[in-house]
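The values are calculated or read from the model by the stated rules, or taken from the named source; none is laboratory data. Treat the numbers as computed from the prediction; the structure is a model and nothing was measured. Note that we place each Cβ from the backbone using ideal geometry, even for glycine, and neighbour counts take in every protein chain shown.
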Amino acid sequence: MLEAVRANVSKDAATNIERWLNEPKYAEYKAELESLILGEEWKTLEDSFYTTIEFGTAGIRGSTGLGSARISRVTIGEATQALCDYIVSLDDSAKDAGIVIAHDTRLTSVEFAELAASVCAGNGVMAYIFDGYRSTPELSFAVRYLKASAGIVISASHNPPSDNGFKAYLSDGAQLVSPHDQAVTELVRKTEEIRSSEFYVGVEIGDIDIIGKEVDEAYINAVASQAVGEARDLSIVYSPLHGAGQRNTIPVLEAAGFSISTVASQMTPDGNFPTVENNKPNPEERAANDLAVAQMMSTEADIAITNDPDADRIGVMVRQGEEPKYLSGNQTAALATEFVLSQVAQKGNLTNQHYIAKTVVTTDLMDAIANRYGAKVYGDMLIGFKYIGELLLQKESSNETFLIGAEESYGMLLGDYARDKDGAAGALVMAEYAAELRSQGMTLYDKLLTLYSEYGIFAERLDTIVCPGAKGFGQMQSIMAMLRSQPPKAVGSHEVTSVVDYQTLTRMYSDGTQESVPCSSTGNMIVLEFGDHRCRISVRPSGTEPKLKLYVQWHEQTEATELAQVEELYLDLQDRLEGISRELEGMLLNT
């Protein structure tokens, strides 16, 4: 059998298959694996075993099922076992402090969450597990609130129904960063035995504690206390897209004094996401917001808000007369920054010790706004909100005060009650700003155009090249290698004046000179710059999905003040950005 395997799959896949056939911890999958081999399902076997899934930007995430490249009971068990081993190695009292576990509404989430709790109990580590689905940001809060040693979220965020994942947090409530992520990954590789107990036995004897109402109330109060405005006259349509958002966003908005109209058909927790087009519950994609937008327009509501299944991301749509406007993550981040800074400044509380945080691919409009108000900007962080969480930990002993952190992928955090992005906090600040603007006869979209007239037009777009399976993995590696060795001299009519490599943290200019680039960490990303550093394209492989991502950011000055003219200029720039992005995509695919 192994000879046939070695003859038909790659060396790495064959090695992983042999382990799954022979090692005891994979025994429950052995019969299924042998059936695939006997059936000569070589492509399936290659895609399932070509690599070993490891911690990426947001933990581990992927399709569920058999295989080293998949999410399975073994994957979740190994990750939990390694996390238990790691926190105990740091401090033996970690066993008593315990691990908090939350899950979203996905098809396998309850099973995997209970498995994680069972592994904790089997290792003598106290497990706190929520009594039902909860948002990722509430888990981050709960770790801090319960003074736990670590936290686990079972979720695949906005991925399709077939996927699931595992995100790990340490005692500060933030996701694992270096060196902790590498240490846990290494422990996963060394894990030969997954120690676990029966879930219901653990509950009965007190090794597993079911938590809920007390943490919920403390979390909701903590988020609602981040309110900075007073206006509340606003009509809001809301949908959790069948996810956990109804456990955080709705109660937070109601606690803050807002009234909400929900999309009834999407309030049912369902990991199949049946009413979402293509079953892809991602607020970044317009189609995911169709029902919320339709209800907003038909009821003449002011805004519509959606969350992804684990409710750490937020989508915001605005009724602009007879037309819906879809705000991007960059646009909501800029608007939230303007609102928070303006409110703190109006109260006379803003100092040069206040700071905002953003990742390197998040809109530079945030920088421009913060500079005008005199607030600090920390923007030298790679993609992943975990780096903003790490910054908050580093600043705990300083005199600086955190106001808002944001990333382009529809996530933001206000205040330091948690250390991950929070869809409820995002919903609160956007509802507050929309209500204040409504009292002035304006919309969020009007204000966005006003900001463009003041600071110049900042346009952004995200494109992806899907690279599935083993072949796609190799394709991504080849593209990144080409960008390092032979980067393009131009994209369309735009000359590439410098190339930034975030693996080496260097900027290489077209004349051959180079300089170092400040960044809090290194990562697999190449940035092509076009004269102005605000005009750039960042290329990186996703840390959690089989995709190559192209982040296009551009800035153009304007003297226009009429909002209609500003909008025309913005839309024209967006059209041109699509052309630039497609041009580069074609160049990369032909390498």
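Observations on the model:
- Counting only helices (runs of 4 or more DSSP H) that sit wholly inside the range 24-93, those with at least 2 residues that are touching a residue at least 40 places away in the same chain (Cβ under 8 Å) and small (Gly, Ala, Ser) are 73-90.
- Restricted to strands (runs of 3 or more DSSP E) entirely inside the range 502-590, those with at least 3 residues that are of a type in the set (Lys, Arg) are 532-541.
- Pairing residues of the range 412-424 that are at pLDDT 95 or above with residues that are in a loop (DSSP other than H, G, I, E, B) and among the basic types (Lys, Arg), at Cβ distances under 8 Å and at least 6 apart in sequence or on separate chains, gives MET412/LYS421; LEU413/ARG419; LEU413/LYS421; LYS421/ARG313; GLY423/ARG313.
- If the condition is being of a type outside the set (A, V, I, L, M) and either assigned by TED's automatic domain parsing to the domain that holds GLU192 or under 33 Å from the mean Cα position of the chain (by Cα) (or both), then the range 12-31 contributes ASP12, THR15, ASN16, ARG19, TRP20, LYS25, TYR26, GLU28, TYR29.
- Filtered residues of the range 107-150 (kept if under 21 Å from MET412 (Cβ atoms) and assigned to a loop (DSSP other than H, G, I, E, B)): ARG134, SER135
- Residue match in the range 314-324 (condition: surrounded by 19 or more Cβ atoms within 10 Å (Cβ to Cβ) and either over 30 Å from VAL377 (Cβ atoms) or basic (Lys, Arg) (or both)): yes
Residues are listed down the side, and each one gets a yes or a no for (1) over 14 Å from VAL215 (Cβ atoms); (2) touching a strand residue (DSSP E or B) at 6+ places or on another chain (Cβ under 9 Å); (3) assigned by TED's automatic domain parsing to the domain that holds GLY245; (4) surrounded by fewer than 22 Cβ atoms within 10 Å (Cβ to Cβ):
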position	(1), (2), (3), (4)
GLY124	yes, no, no, yes
PHE141	no, no, no, no
ALA148	no, yes, no, no
ASN159	yes, yes, no, yes
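- Flag if SER239 is under 30 Å from ASP270 (Cβ atoms), in contact (Cβ under 8 Å) with a residue 24 or more places away in the chain, more than 27 Å from the chain's Cα centre (by Cα) and not assigned by TED's automatic domain parsing to the domain that holds GLY77: no
- Taken together, TYR378, TYR417, TYR387 contain a single residue that is buried (at least 18 other Cβ atoms within 10 Å of the Cβ), assigned to a loop (DSSP other than H, G, I, E, B) and out of contact with any Gly (no Cβ under 7 Å at 6 or more places or on another chain), which is TYR417.
- Out of LEU382, LEU392, LEU350, sole residue that is of a type outside the set (Val, Ile, Thr), in contact (Cβ under 8 Å) with a residue 12 or more places away in the chain and closer than 22 Å to ALA142 by Cα: LEU392
- Here is the figure for the range 343-392: residues that are closer than 24 Å to ASN524 by Cα and touching a Leu at 6+ places or on another chain (Cβ under 8 Å) total 8.
- Condition check for LEU451: surrounded by fewer than 24 Cβ atoms within 10 Å (Cβ to Cβ) and in contact with a Leu (Cβ under 8 Å, 6 or more places away or on another chain): yes
- Residue list for the range 388-443, restricted to those being more than 29 Å from VAL552 (Cα to Cα) and touching a Ser or Thr at 6+ places or on another chain (Cβ under 7 Å): ALA418, LEU437
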